[in-house]
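What follows is a short report on a single structure.
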Amino acid sequence: MNKLRCMPLVFDPPAIPTLPVEGSADRFPVGEIFCVGRNYADHAIEMGGDPSREPPFFFIKSSFSILSDGEEMRFPDFSNDVHHEVEMVVALGLGGSHVPVEEAMSLVFGYGVGVDMTRRDRQAEAKQKSRPWEAGKTFVHAAPCSAIAPIEETGIVDSAEIDLMINGQIRQTGNINQMIWKVPEIISRLSELFLLRPGDLIFTGTPAGVGPIARGDSLEVSITGLPRLAFKVSSS
Ligand code: MN
């Protein structure tokens with residue numbers, strides 16, 4: 001019996017963020033949100049990098065950044081340059097540390113599609129001053145994410161079209177088979193740096209074509225075979 005459960009808390013903690021599970025009334029409880037930077041060569045190049053010399057890397061977004069399908073995204077403060085980055089999201093049902101690549105897929109509960117919303121001006125400022133990225137990557141609604149489709153239903157998803165549309169026009173398109181680090185390698189590498197836990201999400205990087213969103217925009221993102229995600233940006 002966990003003793004902590006019997007102790008009164010000084011206030012009621014905020015409810016943890018959850019996502020729908022496709023084909024079920026159950027919800028997926030969200031833990032950490034790990035993100036992979038520059039995991040597609042064409043995006044690394046558009047950001048001024050050289051994918052042959054600089055491997056992908058990780059950063060974390062607060063789990064309180066989650067926005068679910070159909071909700072309205074609040075346009076964030078402190079930015080005039082908010083960018084979309086469509087990404088495949090891997091949802092973990094088991095945790096671990098130092099997980100070998102060959103065992104990594106056993107941690108996966110399912111998949112979704114999400115957007116790594118970025119205050120690009122705040123991120124550029126952080127890069128220039130060699131400061132951390134949180135101001136660029138974490139804010140209310142910085143992590144829109146679809147329902148999670150269980151891997152028992154989808155099978156392993158390692159090749160599928162990924163795209164993002166704004167107001168019906170295609171802005172990003174690619175294939176998840178273009179990832180530099182594949183999902184098992186991402187999980188294995190992450191598990192060396194961090195303790196992975198059930199509920200953690202991994203945003204696996206974006207293909208080329210990132211660009212700004214505007215107030216009032218309607219976004220639709222999809223990966224073939226996975227639940228879709230659609231949402232509108234607030235008009236003020
Ligand atoms: Mn990203």
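Brief remarks follow.
- Longest segment of the chain lacking chymotrypsin sites (Phe, Trp or Tyr not before Pro) that sit in a DSSP loop with at most 16 other Cβ atoms within 10 Å: 79-193
- Förster-model FRET efficiency, 30 Å R0, residue 228 and residue 129, C-beta, rounded to 0.05: 0.20
- Gyration tensor (alpha-carbon) shape descriptor, the chain, a/c threshold 1.5: rounded
- Leading residue at positive end of dipole, region 25-233 (Cβ point charges), from 159, 205, 130: 130
- Neighbour-limited loop hits for trypsin sites (Lys or Arg not before Pro), region 172-236 (at most 14 other Cβ within 10 Å; DSSP other than H, G, I, E, B): 215, 228
- Residues whose amide H falls under 5 Å from that of residue 172, counting only those 5 or more places apart or on a different chain, are 164, with hydrogens built in the peptide plane.
- Label-point gap, in nm, between residue 11 and residue 170 - each point 7 angstrom along Cα→Cβ: 4.8 nm
- Non-local Lys pairs in the chain, i.e. 8 or more apart or on different chains, that have alpha carbons under 22 Å apart: 8
- Cα gyration tensor shape for region 74-174, rounded if a/c is under 1.5, else prolate or oblate: oblate
- To put it simply, the accessible area of region 25-233 at a 1.4 Å probe is 51 percent carbon and sulfur.
- FRET efficiency for residue 78 and residue 194, using Cβ-Cβ distance with R0 set to 22 Å, rounded to 0.05: 0.20
- A 1.4 Å probe run over the protein chains yields, for region 25-233, 43 Å² of accessible area per residue, whole-number rounding.
The values are calculated or read from the model by the stated rules, or taken from the named source; none is laboratory data. Values in this document were obtained by computation on a predicted structure and should not be read as measured data. No Cβ is skipped: glycine too gets one built from the backbone with ideal geometry, and neighbour counts run over all protein chains shown. We work out accessible area using only protein heavy atoms, side chains counted, and drop any ligands, DNA or RNA first. Shrake-Rupley method; radii C 1.70, N 1.55, O 1.52, S 1.80 Å.
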